[in-house]
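Below: one structure, written as structure tokens.
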Amino acid sequence: MTKDERLTSYKYSVLQHAYKNKNITSTCRFFNLSRTTFYEWQMRFEKFGYLGLKDKQRSKPRMPNQVKPEYETIIYNYIRDYPTHGPRRISNELKAQGVTISETGVYNVLKRKGLNHRLSRLFYAQEHSDNPVITESYLREKEKKKETHIKAFYPGYLFCQDTFYVGTIKGLGRIYQQTGIDAYSNFGFAKVYTNKKDDSAIDFVETKALPVYEMFNIRLDRILTDNGKEYTTHWVNGKHDYEIFLAKCGIIHTKIKPRCPKSNGMVERFNRTLLEEFYQIVMLKNVYTSLDELQNDLDSFIYYYNFKRTNQGYRLKGKIPYQKFTDGKRKLALPEPD
């Protein structure tokens, strides 16, 4: 229960106390409340019901000398092109273009948007650019920021991989699935196995993921996994076949923090989609006698998911993963100039 909900419940209990005892004076004395406040709550309850007891949300006052909204838009458009310019420079440049905004006015607009620091304006310009070039310093600073979602800046920037236990199928035994998803485009991959060993994890990357990236001439830079034994060793300075394979392919291996599965939540959500939209349906209709039969149906669904199904997530906003995967906007992480 939130603070506002507790306060609303308290007001309602005061009114109930007065109604049951039929004595407003004793109720106000008991709750150490003024009669004026009590009658105000009673009037709001009689007029609007329980919702009337909630505190009104006061709108943020608009100062009479605040910059007009159309001028704010001009400032935002300007810093997209010139993010390194400060308030004084912006004010002078806009004045030369016939738009008069004081230095203080520009600063207040930037501060309200959280753009009063140069680095913040660089990030803002980066994220609103049509086809930006990402520098290494930008990537480093972006990694320092605490984000609620996995960040990826281009196709192949990050590939999330996970082992998913499908279940036990009569005649086939335990079935595991190696699942992968491109963090930038939500382009998905999946392959079923009868074990969850490192050779299955390697085979998945080698036969499912890499051929697709190579087909579209996209380099796979980094793979994110959990700390399962199929992905890494728990021995200090120990070697693991999966990590050796990734190193040979020039792929960086990143592992999530122990006991933090939400860190790889994107692929977990993809597993849920496969479970609800594929497995729970096909298992009711079909009886599988071989792993290849199941894989063929899974491949058909993966094709539908990547090339026909719209994705409603915040990244794609109704687009098809294929459209995002091949949008032609792969950005290069250029080294900083000497």
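The values are calculated or read from the model by the stated rules, or taken from the named source; none is laboratory data. This structure is a prediction, so every number in the text was calculated from the model and none was measured. Note: ideal-geometry Cβ built from the backbone for every residue, glycine included; neighbour counts use all protein chains shown.
Here are some notes:
- Selection from the stretch 66-80 of residues that are under 14 Å from Lys113 (Cα atoms) and of a type in the set (Asp, Glu): Glu72
- Residue pairs meeting the criteria (Cβ under 9 Å; at least 6 apart or on separate chains; first within 18 Å of Ala247 (Cα to Cα) and touching a residue at least 24 places away in the same chain (Cβ under 8 Å), in the stretch 213-227; second in a helix (DSSP H, G or I) and among the polar types (S, T, N, Q)): Leu224/Ser263; Leu224/Asn264; Thr225/Asn264; Asp226/Ser263; Asp226/Asn264
- The stretch 281-298, residues that are modelled with pLDDT under 90 and closer than 23 Å to Phe187 by Cβ: Ile281, Val282
- Residues that are among the polar types (S, T, N, Q) and closer than 17 Å to Arg121 by Cα within the stretch 89-103 comprise just one, Ser91.
- When the test is whether a residue is assigned to a loop (DSSP other than H, G, I, E, B), β-branched (Val, Ile, Thr) and either under 12 Å from Leu220 (Cβ atoms) or modelled with pLDDT under 95 (or both), Thr148 passes it.
- Index of the failed condition, Arg174 passing every other in (1) out of contact with any Lys or Arg (no Cβ under 8 Å at 6 or more places or on another chain); (2) modelled with pLDDT of 95 or more: (2)
- Candidates Glu243, Glu214, filtered to the one that is of a type in the set (D, E, K, R), within 18 Å of Phe159 (Cβ to Cβ), in contact with a strand residue (DSSP E or B) (Cβ under 9 Å, 6 or more places away or on another chain) and not in a strand (DSSP E or B): Glu243
- Checked against the criterion of being of a type in the set (D, E, K, R), surrounded by fewer than 19 Cβ atoms within 10 Å (Cβ to Cβ) and not in a loop (DSSP other than H, G, I, E, B), the stretch 228-235 has no qualifying residue.
- Test: residue in the stretch 299-322 that is modelled with pLDDT of 80 or more, more than 26 Å from the chain's Cα centre (by Cα) and assigned by TED's automatic domain parsing to the domain that holds Thr168: yes
- Top-ranked residue in the stretch 243-260 [being exposed (fewer than 13 other Cβ atoms within 10 Å of the Cβ) and at pLDDT below 90; ranked as farthest from Arg219 (Cα to Cα)]: Arg259
- Test result for Phe45, in contact with a Gly (Cβ under 8 Å, 6 or more places away or on another chain), on the phi < 0 side of the Ramachandran plot and surrounded by 12 or more Cβ atoms within 10 Å (Cβ to Cβ): yes
- Residue pairs meeting the criteria (Cβ under 6 Å; at least 6 apart or on separate chains; first loosely packed, with under 15 Cβ neighbours inside 10 Å, in the stretch 313-324; second of a type outside the set (A, V, I, L, M, F, W, C)): Gly318/Thr310
- Some residue of the stretch 263-270 being under 23 Å from Tyr154 (Cβ atoms), over 26 Å from the mean Cα position of the chain (by Cα) and surrounded by fewer than 18 Cβ atoms within 10 Å (Cβ to Cβ): no
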